[in-house]
Amino acid sequence: MRVAVIGAGIGGLTAAAGLEADGHEVVVYERRDEAGAVGAGLTLFGNALGALDAIGLGDTVRQVSSDAIAGMRAGQRTPSGDWLLSLPAGAAPSVRSLHRVELCRALVEALSDGTLRLGRRVEVAADGRPVVTGDGADERFDLVIAADGLRSDARARLGLDRGVRYAGYTAWRGVTAAGLEVQGVAGETWGRGSIFGIVPLPDGRVYWFATESTGAGQHAQDEREAVRQRFGHWHAPILACIDATPPAAVLRHDIHDLARIPRSFVKGRTALLGDAAHGMTPNLGQGAGQAIEDAATLTLLLRGSDVDEALSTYDRLRRKRTRAIWQRSRLMGKVAQASHPVSAGIRDALLRATPPARMARAAQSLQQWSEP
């Protein structure tokens with residue numbers, strides 16, 4: 001079968017590598033001049049790793065990631081460093097951390113030469129026919145996978161777009177230039193309308209992120225200094241993380257998600273995948289994981305069904321699964337970003353009263369993925 005994948009992000013590359021390993025002819029179109037994500041870190045949980053294992057990519061990803069974070073104390077703290085909720089080391093045994101750039105590089109290396117076509121902007125057929133158009137010419141396939149991100153052109157052309165919503169907060173991300181000691185602790189610190197998160201990477205560097213509830217479209221001349229002013233008085237090693245990051249390496253993006261999930265992830269022989277289908281806030285750490293689940297589900301379904309049957313099942317399974325996580329992530333964002341003294345106080349009290357074992361079970365239930 002001949003398959004076109006539009007978008008060389010995590011979801012598109014995973015789908016391409018999985019399908020190519022199954023013997024399909026795959027072409028990946030990427031509008032940028034290089035593949036992959038802009039540099040920051042991420043965590044992958046058991047569901048993502050199980051999906052990668054199912055299509056033969058698990059070991060590829062393990063080679064560029066680390067499970068050290070699984071052995072650290074984690075949870076939520078206050079800006080002073082007091083624990084609101086502390087999960088013991090080993091509470092999430094399957095979690096791994098890595099740099100997005102390394103993940104995408106590993107997936108690209110799993111592809112055959114010539115699979116990836118960079119600097120190519122293409123369009124899907126509005127009626128869902130498996131045709132892509134670029135430079136005035138049509139190219140025909142048996143299946144088209146649109147993995148072109150939150151503001152997906154393909155979703156709009158297919159008539160499946162229901163809008164994008166500003167979540168009410170902006171986010172900074174950075175990676176320290178060198179290794180940094182975090183004393184065996186990871187996780188998030190929750191203030192009023194703001195969060196700071198720490199994720200150790202395989203090479204000893206630290207990926208950190210920070211959020212603040214504010215209006216959309218704001219920027220500072222020096223974003224690192226803006227983060228330093230906002231979070232520098234919080235507990236250690238937050239200031240050390242900020243100071244160890246080059247100013248030019250601090251990224252800032254307003255957080256958006258899909259206003260509503262599309263009524264279908266499929267039209268004709270064209271399927272939406274990843275953020276194009278279910279772009280969600282980052283509060284559950286499941287954006288990349290759900291894109292990987294999408295890719296693995298579709299790859300596995302195409303092993304045992306014809307294309308139309310596989311797409312129908314993919315649509316049914318993935319819309320049910322991702323809608324629930326999209327909703328939970330949005331709710332978690334509202335809770336975590338609580339800014340009023342009363343609402344933030346109630347949030348903190350509830351976290352303190354939550355048994356760690358209960359929270360660990362809830363996290364594990366989220367991270368369960370079953371092969372179709």
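Which of the residues that make up region 11-41 are over 16 Å from Leu57 (Cβ atoms) and either small (Gly, Ala, Ser) or in contact with a strand residue (DSSP E or B) (Cβ under 6 Å, 6 or more places away or on another chain) (or both)? Break it down into steps so the answer makes sense when it comes.
Step one: of region 11-41, the residues over 16 Å from Leu57 (Cβ atoms) are 25, 27, 29-34, 37-41.
Listed by number, the residues that qualify are Glu25, Val27, Tyr29, Glu30, Asp33, Ala37, Gly39, Ala40, Gly41.
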Looking at (1) polar (S, T, N, Q); (2) surrounded by 24 or more Cβ atoms within 10 Å (Cβ to Cβ); (3) out of contact with any strand residue (DSSP E or B) (no Cβ under 8 Å at 6 or more places or on another chain), which is the only condition Thr281 fails? (3)
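Results for (1) under 12 Å from the mean Cα position of the chain (by Cα); (2) closer than 25 Å to Met332 by Cα; (3) at pLDDT 95 or above; (4) not aliphatic (A, V, I, L, M), shown as yes or no for each residue.
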| residue | (1), (2), (3), (4) |
| --- | --- |
| Thr281 | yes, yes, yes, yes |
| Gln290 | yes, yes, yes, yes |
| Leu302 | no, no, yes, no |
| Val307 | no, no, yes, no |
| Leu311 | no, no, yes, no |
| Tyr314 | no, no, yes, yes |
Sole residue being within 20 Å of the chain's Cα centre (by Cα) and free of Cβ contacts under 8 Å to residues at least 24 places away in the same chain, chosen from Arg151, Arg100: Arg151
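Name the residues in region 3-61 that are hydroxyl-bearing (Ser, Thr, Tyr) and without any contact (Cβ under 8 Å) to a residue 60 or more places away in the chain, would you? Before you say what the answer is, go through the steps one by one.
Quick first cut of region 3-61, residues hydroxyl-bearing (Ser, Thr, Tyr) only: 14, 29, 43, 60.
The one that is hydroxyl-bearing (Ser, Thr, Tyr) and without any contact (Cβ under 8 Å) to a residue 60 or more places away in the chain: Thr60.
Out of all the residues in region 342-354, is one or more at pLDDT below 95, surrounded by fewer than 24 Cβ atoms within 10 Å (Cβ to Cβ), out of contact with any Pro (no Cβ under 7 Å at 6 or more places or on another chain) and not aromatic (Phe, Trp, Tyr)? Quick ask: steps written out before the conclusion?
The initial filter retains those residues of region 342-354 that are at pLDDT below 95, namely 354.
Adding the requirement that they be surrounded by fewer than 24 Cβ atoms within 10 Å (Cβ to Cβ) leaves 354.
Narrowing the set further to residues that are out of contact with any Pro (no Cβ under 7 Å at 6 or more places or on another chain) leaves 354.
With the extra rule that they be not aromatic (Phe, Trp, Tyr), the set shrinks to 354.
Taking every residue of region 342-354 in turn, at least one turns out to be at pLDDT below 95, surrounded by fewer than 24 Cβ atoms within 10 Å (Cβ to Cβ), out of contact with any Pro (no Cβ under 7 Å at 6 or more places or on another chain) and not aromatic (Phe, Trp, Tyr).
Please tell me if Ser112 is in contact (Cβ under 8 Å) with a residue 40 or more places away in the chain, among the small types (Gly, Ala, Ser) and crowded, with 20+ Cβ neighbours inside 10 Å.
Values: in contact (Cβ under 8 Å) with a residue 40 or more places away in the chain: yes; among the small types (Gly, Ala, Ser): yes; crowded, with 20+ Cβ neighbours inside 10 Å: no.
No.
Sort through Leu107, Leu118, Leu87 and tell me the only one that's among the aliphatic types (A, V, I, L, M), surrounded by fewer than 21 Cβ atoms within 10 Å (Cβ to Cβ) and touching a helix residue (DSSP H, G or I) at 6+ places or on another chain (Cβ under 6 Å).
On the way: Leu107 fails: surrounded by fewer than 21 Cβ atoms within 10 Å (Cβ to Cβ); Leu118 fails: touching a helix residue (DSSP H, G or I) at 6+ places or on another chain (Cβ under 6 Å).
Answer to the check: Leu87.
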Given (1) among the small types (Gly, Ala, Ser); (2) in a loop (DSSP other than H, G, I, E, B); (3) closer than 19 Å to Arg105 by Cβ, where does Ser80 come up short, assuming only one miss? (3)
Test result for Leu300, among the hydrophobic types (A, V, I, L, M, F, W, C), in contact with a Pro (Cβ under 6 Å, 6 or more places away or on another chain), touching a residue at least 12 places away in the same chain (Cβ under 8 Å) and part of a helix (DSSP H, G or I): yes
Inside region 166-278, counting only helices (runs of 4 or more DSSP H) that do not spill past its ends, which hold 2 or more residues that are more than 20 Å from the chain's Cα centre (by Cα) and either of a type in the set (A, V, I, L, M) or farther than 22 Å from Arg328 by Cβ (or both)? 223-231, 238-243
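Out of all the residues in region 216-228, is one or more basic (Lys, Arg), crowded, with 17+ Cβ neighbours inside 10 Å and closer than 14 Å to Pro79 by Cα? Give the derivation first.
Taking region 216-228 as the starting set, the residues that turn out to be basic (Lys, Arg) are 224, 228.
Subset that is crowded, with 17+ Cβ neighbours inside 10 Å: 224, 228.
With the extra rule that they be closer than 14 Å to Pro79 by Cα, the set shrinks to 228.
Checked against the condition, which is being basic (Lys, Arg), crowded, with 17+ Cβ neighbours inside 10 Å and closer than 14 Å to Pro79 by Cα, region 216-228 yields at least one hit.
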Result of the Cβ filter at 8 Å on region 338-355, keeping first residues that are within 16 Å of Gly193 (Cβ to Cβ) and partners that are among the charged types (D, E, K, R), at least 6 apart or interchain, is Ala338/Arg192; Ala338/Arg347; Ser339/Arg192; His340/Arg192; Pro341/Arg192; Ala344/Arg192
Consider only pairs whose beta carbons are under 9 Å apart and that are at least six residues apart or on different chains; among these, list those whose first residue lies in region 252-264 and is at negative phi and whose second residue is assigned to a loop (DSSP other than H, G, I, E, B) and basic (Lys, Arg). His256/Arg151; Leu258/Arg162; Ala259/Arg162; Arg260/Arg162; Ile261/Arg162; Pro262/Arg162; Arg263/Arg162
Hey, among the residues in region 158-178 that are surrounded by fewer than 18 Cβ atoms within 10 Å (Cβ to Cβ) and either modelled with pLDDT under 95 or of a type in the set (A, V, I, L, M, F, W, C) (or both), which one's farthest from Tyr207 (Cα to Cα)? Val164
Selection over region 291-335 where residues are out of contact with any Gly (no Cβ under 7 Å at 6 or more places or on another chain), small (Gly, Ala, Ser) and surrounded by 21 or more Cβ atoms within 10 Å (Cβ to Cβ) yields a count of 3
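The values are calculated or read from the model by the stated rules, or taken from the named source; none is laboratory data. These numbers come from a predicted model, not from an experiment. Quick reminder, even Gly has a Cβ in these numbers, built from the backbone with ideal geometry, and neighbours come from all protein chains shown.
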